[in-house]
Protein chains: 2
Amino acid sequence: MSDAAAPATPAAAAAGPLGIIAGAGELPVRVARAAVAAGREVFVIVIGGHGDPGPFGSIPKVVLRLGAAGRMIELLRERGVRQLVLAGRVSRPSLFALRPDPAGAMLLARIGAKAFGGDDTLLSAVIRVLAEEGFEVVGAQAFLDDLFAPPGLMTKRAPDEQAMADIRRGVAVVRALGAADVGQAAVVQQGLVLGVEAIEGTDALIRRCRDLAREGAGGVLVKLVKPGQSRLVDLPTVGLATVEEAAMAGLRGIAVEAGGTIILDRPAIVAAAEEAGLFLTAIDPEDPAMKETTAP
Amino acid sequence: MSDAAAPATPAAAAAGPLGIIAGAGELPVRVARAAVAAGREVFVIVIGGHGDPGPFGSIPKVVLRLGAAGRMIELLRERGVRQLVLAGRVSRPSLFALRPDPAGAMLLARIGAKAFGGDDTLLSAVIRVLAEEGFEVVGAQAFLDDLFAPPGLMTKRAPDEQAMADIRRGVAVVRALGAADVGQAAVVQQGLVLGVEAIEGTDALIRRCRDLAREGAGGVLVKLVKPGQSRLVDLPTVGLATVEEAAMAGLRGIAVEAGGTIILDRPAIVAAAEEAGLFLTAIDPEDPAMKETTAP
């Protein structure tokens, strides 16, 4: 977690305008508004087909397709941007669909087709290439206080013994998956792993598990940062939709990674969890208490 | 793979009647017919709600629910059964739904609630308890020649370079998952892991990946034995439905574990794969050529 704690206002004056490369979801909009509110000049590049320019309102922005990487870098330079936030979901395209512009193709060659092997490999390579181009990539947490879940229980309802065992099982599974650079979430019920996430997304995972659930005590969703994942981009996020899907699937609660999983608009999400009777807890997967006990 | 090679006709005379505990699918029926054809007396216990007594025809059988473990052992003893095959799918019940009979509850206590942590843990514990009760559990392969896929390509079509890279990625992911005692299969397309299997089953996995596929070259299904999995029960199986689902999902081929994945009725399945233009290959996941290369 060493790179999680960038200073809250990273050398704003020295760094010039903040560039935001924006995928889907609320996070890039919140970063943009927070930076503007802090007096920072902001320039947003919305990834066409992924992000939505609408919510940025009057904040300066352009929409460019993902393959137009050369044009992006050109525009960022023209605007004097040196510090960048990459925020919001970008579903991975096929190499075929990417249609890189000429400079984009050269960047892609530098990233290497190998980077298509796993999400983190790709993102790490993108961050490395941006650094080589003279940009500093900072995390959304640099602009948003309170972005990460603090350790501990956030709801009145707490996990019982069975739910704690399910959380431990989920931690073991998600970390095994994460080590192979796949997925961040699993649903576990009564020790049984109902589903693990690949690229379908957490909401689709939970929906699928609704039909796979067994009788008796409901399951839990465990959503963690991958071991070794950069804390700068693409962090696991829990939103209102996650809580709603979890409640509809009969889950009893959600466990996220303290200091790693993003909880957007925490008061609203905690209130929704309370309303639905779910627990919401932030754990440290490295805590020895989170290890599964071995066979008796 | 040391325990895969039981003798083809395991001490039939000495062992008395063969007991078969039968879940869903074709495998237990094939084992029963092969044993009868070899002159062995057979007694089948069909797990109610999972297996189907119909296809066993005139072979002696009873239907018992999974929780009636005490009654099962009693019946097997009455019939003089000492050698057992456990074959066919049994979807894992919740502890709640199991409703064990009194002897079943005692067996369950011996297996331990811990066994509900993962499939192999449960099956290993069941085999251990059956051994303590004086039964010998043998694999279906002891009665069916040619049950496992031999190493190598089974179809005219072969995986190209991209498909081989996808297979290697799939091997890495499935083995990571298997080490956490979850799932046996993954679908990979152009380096991207579209889905990984938990308890939904391989056919459901493939169907889901149909909507997640990217443009361009189709993906591959990789289906392996879990590292450390007993070769006695619940081995991964590829059937006609797998090939049909794979073709409908636009996959280009299937890679299974040589000497570990069961291919039921191989000539028919190879013919279906040829017809659909899929490759079907059996690999050794321990082969160094199956390891993913590291970053350039």
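For this structure, a couple of remarks:
- In order through the range A:200-205: 3J(HN,Hα) via Karplus (6.51 cos²θ - 1.76 cosθ + 1.60), integer Hz, x for Gly, Pro: 6, x, 5, 5, 5, 4
- Taking the fewest neighbouring Cβ atoms within 10 Å as the starting point, the ordered list for B:LYS291, B:LYS226 is B:LYS291, B:LYS226.
- Whether the range A:117-208 is rounded, prolate or oblate, judged on the alpha carbon gyration tensor where a/c under 1.5 counts as rounded: oblate
- Label 7 Å beyond Cα on the Cβ vector: B:ASP145 copy-to-copy distances, nm: 7.7
- Amide H contacts for A:ILE20 (H built 1.01 Å from N in the peptide plane; partners 5 or more residues away or on another chain; cut-off under 5 Å): A:PHE43, A:VAL44, A:ILE45, A:VAL85.
- Computed over the alpha-carbon atoms, the range B:152-290 gives an Rg to Rh ratio of 0.92, Rh here being the Kirkwood radius from the mean inverse distance.
- Residue by residue, the range A:143-157 carries 3J(HN,Hα) couplings of 10, 10, 5, 6, 6, 8, 5, x, x, x, 7, 9, 10, 5, 6 Hz when phi is fed to the Karplus relation 6.51 cos²θ - 1.76 cosθ + 1.60 (θ = phi - 60°); x denotes Gly or Pro.
- Distant-in-sequence amide H partners of B:ILE262 (H built 1.01 Å from N, under 5 Å): B:THR237, B:VAL238
- Summing Lys and Arg as +1 and Asp and Glu as -1 over all other residues whose Cβ lies under 12 Å from the Cβ of B:ALA271 gives a net charge of -1.
- Rg over Rh, two decimals, the range A:170-238 (C-alpha only, Kirkwood Rh): 0.98
- Packing-based exposure ordering (other Cβ within 10 Å, fewest first) of B:ASP287, B:ASP52, B:ASP166, B:ASP181: B:ASP287, B:ASP52, B:ASP181, B:ASP166
- In Hz, Karplus ³J(HN,Hα) per residue of the range B:242-256 (6.51, -1.76, 1.60; θ = phi - 60°; x = Gly, Pro): 4, 5, 5, 4, 4, 5, 5, 7, x, 5, 9, x, 10, 10, 10
- Placing a label point 7 Å from the Cα of B:ASP284 along the Cα-to-Cβ direction, the distances to the matching points in the other copies come to 4.5 nm, shortest first.
- Entries of A:LYS226/B:LYS156; A:LYS61/A:LYS223; A:LYS223/B:LYS223; A:LYS226/B:LYS226; A:LYS223/B:LYS226; B:LYS156/B:LYS291 with Cα pairs more than 29 Å apart: A:LYS226/B:LYS156; A:LYS61/A:LYS223
- Rounded Å value of the spacing that divides the Cα centres of the range A:248-296 and the range A:129-152: 22
- Proximity of backbone amide H atoms, modeled 1.01 Å from N, is registered between B:LEU280 and B:MET154, B:THR155, B:ILE254 at under 5 Å, excluding neighbours fewer than 5 places apart on the same chain.
- One quarter of the convex hull surface built on the alpha carbon atoms of the range A:52-91 amounts to 3.4 nm², the projected area averaged over directions.
- Cβ-based exposure ranking for B:ARG157, B:ARG207, in which fewest neighbours within 10 Å come first: B:ARG207, B:ARG157
Read-outs: derived from the displayed coordinates by stated rules, not from any lab. Fair warning: this is a prediction, and the values are worked out from it, not measured in the lab. Don't worry about glycine lacking a Cβ; one is built from the backbone with ideal geometry, like all the others, and counts go over all protein chains shown.
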